[in-house]
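The values are calculated or read from the model by the stated rules, or taken from the named source; none is laboratory data. Predicted model, so just to flag it, every value in this text is computed and none were measured. A quick note on method: Cβ atoms are made from the backbone with ideal geometry, for glycine too, and the neighbour counts reach across all protein chains shown.
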There are 2 protein chains.
Amino acid sequence: MGSLKVPEVVPSPTEDSQRLRKAFQGFGTNEKAIILVLGRRNWRQIKEIRENYEKLYNESLIDRLHSELSGDFRKAVITWTQDPAERDARVAREAMKARWKGIKELQVLVEISCASTPNHLMAVRQAYCSLFDCSLEEDIHASVSPPLQKILVGLVRSYRYDKVIANLEVGKAEASKLHEAIKKNKLDDDHIVWILSTRNVFQLRQTFACYKNLYGNTFDQDIKNCGKGDLESLLNVVVCCIDCPEKHFAKVVRDSILGLGTDEDSLNRAIVTRAEIDLLKVRFEYAEIYKSSLDDDVIGDTSGDYRDFLMTLLGKGPKGV
Amino acid sequence: MGSLKVPEVVPSPTEDSQRLRKAFQGFGTNEKAIILVLGRRNWRQIKEIRENYEKLYNESLIDRLHSELSGDFRKAVITWTQDPAERDARVAREAMKARWKGIKELQVLVEISCASTPNHLMAVRQAYCSLFDCSLEEDIHASVSPPLQKILVGLVRSYRYDKVIANLEVGKAEASKLHEAIKKNKLDDDHIVWILSTRNVFQLRQTFACYKNLYGNTFDQDIKNCGKGDLESLLNVVVCCIDCPEKHFAKVVRDSILGLGTDEDSLNRAIVTRAEIDLLKVRFEYAEIYKSSLDDDVIGDTSGDYRDFLMTLLGKGPKGV
């Protein structure tokens, strides 16, 4: 379940557009009003507001937010206000264009392909081609080396069957194929790539369970036993995003907060992309794993309007309508 | 250009539904009226008619056509009246379920992935998952053996960049990779599969032209020189569907007509799926290659309402409104 709280009676897109326009006008910007409108609407409602705002005032809402706001707050609000497929296409592009492409950068591709719906992944691929001058897989191919390339290209080309269906025999047979590859220490084996990038998540969870039953260790653990390189790390992210995406995003939030300074891009990404999907479960997993409150940790590491906005997406923002 | 002729003034979906309903009622079915309505509407108009018909009469138009018509005529009309993505998903499924899966069966997958728009291919994958109990690539994997499996799975997972863009340097570099694979007689080489299943068709045409410039033979010819097996035949279909889909469909029509009897499934498929896309060019290529008229050959091999319907899709049906 998502954490986003939409009011029981939602104002019309025109009313919301008018409130936003008013928040932009006059001396200074009324950030609180922006948070109260945008932080309490789901993506379909925001889409209508964007369209309505543009029609009414002949300017792009995103452009206006860009000129009115600043810093981390601006980045979070704009990320939230974009169309989800376009948002992820842009995140993927940023990862591809980063000079240093470590697991932190590449894992966004795994999140998009393993922790989103199949239709969302398709929409991201379409948005990528519309926004940029090549396809997502061409960019991965050009900017990531094997063996990570092979796995990432496989994943982003997937369109998983999305009904709740899993076959025990398939689970056993494919667990055995995964184990064969592990024994050979060949983590970019064709079978591994095929299984992880084709089977539906319910089947894969069954396969992972069969793996543990048959071979004692979890598949995840056996990947770790193969080594500590990027390939192992990436595959661990894949398995976690398939097996329990909430745990993965709890980890993303934790890593973004730990240590000196905050990694706002990762924090934004986790909260913004999951607010409508499973942020309540992410909060629960966070408490389970880290024995700490996700909300308190976010509050401790952020401030001002930025904090208020994230807390609103977490369903605990400032009072008011 | 397509051959379909839509009247300048198109009746409303309600009027069309009423005409169809009238054609179904009374003693016998008025096939001519059905041809005049459905054979002269594009897929968007037919979609509206389907929706409207169902709302007005509380029955599915397709089901009613099924009970009113028979034989090849029924099959052609129903194929035409289906949603294009669903139609192709069903054609792909039929190919996967065929006991004997030769090139004639498998080439429909190539047509869907190399001679359709990227968005159409995505829609077919979505329709496949909705209609059947697994994804298209899972079915290919389960029912086609390597090396054809590898090529077909690669192709159906593609989402090609669809703007008219081609880079000469990419063309030369990838022509060289194709040639390396040919020299090794390894037609399911990773590079071949990657290039053919990822690059946009304009880039691929450039690459094929570079190949001819650099190595004398066409890529197509060099594939043929590798042997006469299914792998070579399938790759030739891939290259033809990318390089000049009209030539491919001219060949499909020709093969369906040649010899004793007619292969109506293939004939339907070529005419129905290309009537809105490029059937005028297919007709032209047919005349160029076979020194014969496509229209005359179709007329010679078909009869009755079936013939009238195909000729209507070819823009030369019976007179009347």
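Any idea which residue in the stretch B:198-228 is farthest from the chain's Cα centre (by Cα), counting only those that are more than 14 Å from chain A (Cβ to nearest Cβ) and β-branched (Val, Ile, Thr)? Even if it seems obvious, please write down each step before you answer.
Taking the stretch B:198-228 first, the residues more than 14 Å from chain A (Cβ to nearest Cβ) are B:205-206, B:208-228.
Then keep just the ones that are β-branched (Val, Ile, Thr); that gives B:218, B:223.
Values: B:Thr218: 25, B:Ile223: 23 Å.
Out of the qualifying residues, it is B:Thr218.
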> Are any residues in the stretch B:143-176 under 22 Å from B:Arg205 (Cα atoms), part of a helix (DSSP H, G or I) and in contact with a Leu (Cβ under 8 Å, 6 or more places away or on another chain), and if so, which ones?
Replying inline: B:Ile151, B:Leu152, B:Gly154, B:Leu155, B:Val156, B:Lys172, B:Ala175, B:Ser176
>> Suppose we keep only residues that are in a helix (DSSP H, G or I) and out of contact with any helix residue (DSSP H, G or I) (no Cβ under 6 Å at 6 or more places or on another chain) within the stretch B:115-125. Which one would you say is farthest from A:Ser113 (Cα to Cα)?
In response: B:His120
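For the stretch A:180-196: of the residues being farther than 15 Å from A:Pro146 by Cβ and assigned to a helix (DSSP H, G or I), which is nearest to the other protein chains (Cβ to nearest Cβ)?
If we filter the stretch A:180-196 for residues that are farther than 15 Å from A:Pro146 by Cβ, which is where we start, we get A:180-185, A:191, A:194-196.
Now restrict to residues that are assigned to a helix (DSSP H, G or I): A:180-183, A:191, A:194-196.
Numbers: A:Glu180: 17, A:Ala181: 17, A:Ile182: 21, A:Lys183: 22, A:His191: 11, A:Trp194: 7, A:Ile195: 10, A:Leu196: 13 Å.
Checked the stretch A:180-196; the qualifying residue nearest to the other protein chains (Cβ to nearest Cβ) is A:Trp194.
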> In the stretch B:1-101, which helices (runs of 4 or more DSSP H) lie fully inside it and hold 1 or more residues that are within 18 Å of B:Thr312 (Cα to Cα) and more than 27 Å from the chain's Cα centre (by Cα)?
Replying inline: B:13-24
>> Consider the stretch B:19-69. How many of its residues are free of Cβ contacts under 8 Å to residues at least 24 places away in the same chain and within 15 Å of B:Asp83 (Cβ to Cβ)?
In response: 5
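How about the stretch A:126-142: which of its residues are within 15 Å of B:Thr198 (Cα to Cα) and either assigned to a helix (DSSP H, G or I) or more than 9 Å from every other protein chain (Cβ to nearest Cβ) (or both)? Break it down stepwise before answering.
To start, the set of residues in the stretch A:126-142 that are within 15 Å of B:Thr198 (Cα to Cα) comprises A:126, A:128-129, A:133-142.
Matches in the stretch A:126-142: A:Gln126, A:Tyr128, A:Cys129, A:Leu136, A:Glu137, A:Glu138, A:Asp139, A:Ile140, A:His141, A:Ala142.
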> Does B:Ile140 satisfy the criteria of being at pLDDT below 95 and among the β-branched types (Val, Ile, Thr)?
Replying inline: no
>> Of the residues A:Lys184, A:Lys177, only one is surrounded by 15 or more Cβ atoms within 10 Å (Cβ to Cβ) and without any contact (Cβ under 8 Å) to a residue 24 or more places away in the chain; which?
In response: A:Lys177
> Do we have any residue at all in the stretch B:68-89 that's surrounded by fewer than 16 Cβ atoms within 10 Å (Cβ to Cβ) and over 20 Å from B:Ser116 (Cα atoms)?
Replying inline: yes
>> What pairs come out if I take residues in the stretch A:94-120 that are within 21 Å of A:Asn200 (Cβ to Cβ) and pair them with residues that are among the acidic types (Asp, Glu) and assigned to a helix (DSSP H, G or I) whose C-beta lies under 8 Å away, six or more apart or interchain?
In response: A:Ile112/A:Asp88; A:Ser116/A:Asp88; A:His120/A:Asp88
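Evaluate the following for B:Asp190: is it under 16 Å from A:Glu138 (Cβ atoms) and surrounded by fewer than 16 Cβ atoms within 10 Å (Cβ to Cβ)?
Working: under 16 Å from A:Glu138 (Cβ atoms): yes; surrounded by fewer than 16 Cβ atoms within 10 Å (Cβ to Cβ): yes.
Against the criterion (under 16 Å from A:Glu138 (Cβ atoms) and surrounded by fewer than 16 Cβ atoms within 10 Å (Cβ to Cβ)), B:Asp190 qualifies.
For the stretch A:254-290, name all the residues that are among the aliphatic types (A, V, I, L, M), part of a loop (DSSP other than H, G, I, E, B) and either free of Cβ contacts under 8 Å to residues at least 40 places away in the same chain or buried (at least 23 other Cβ atoms within 10 Å of the Cβ) (or both). If you could, list the steps in order and put the result at the bottom.
First, the residues of the stretch A:254-290 that are among the aliphatic types (A, V, I, L, M): A:257-258, A:260, A:267, A:270-272, A:275, A:277, A:279-280, A:282, A:287, A:289.
Still in the running and part of a loop (DSSP other than H, G, I, E, B): A:258, A:260, A:275, A:277.
Hits for the stretch A:254-290 are A:Leu258, A:Leu260, A:Ala275.
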> Out of (1) surrounded by fewer than 17 Cβ atoms within 10 Å (Cβ to Cβ); (2) in the same structural domain as A:Ser113 (by TED's automatic domain parsing), the odd one out for A:Thr218 is which?
Replying inline: (2)
> Out of all the residues in the stretch B:108-136, which are touching a Lys or Arg at 6+ places or on another chain (Cβ under 6 Å) and buried (at least 20 other Cβ atoms within 10 Å of the Cβ)?
Replying inline: B:Leu136
> Does A:Lys163 qualify as being surrounded by fewer than 22 Cβ atoms within 10 Å (Cβ to Cβ), within 18 Å of A:Glu232 (Cα to Cα) and within 13 Å of another protein chain (Cβ to nearest Cβ)?
Replying inline: no
>> Could you check the stretch B:162-183 and list, in sequence order, the residues that are modelled with pLDDT of 95 or more and not small (Gly, Ala, Ser)?
In response: B:Asn167, B:Leu168, B:Glu169, B:Val170, B:Lys172, B:Glu174, B:Lys177, B:Leu178, B:His179, B:Glu180, B:Ile182, B:Lys183
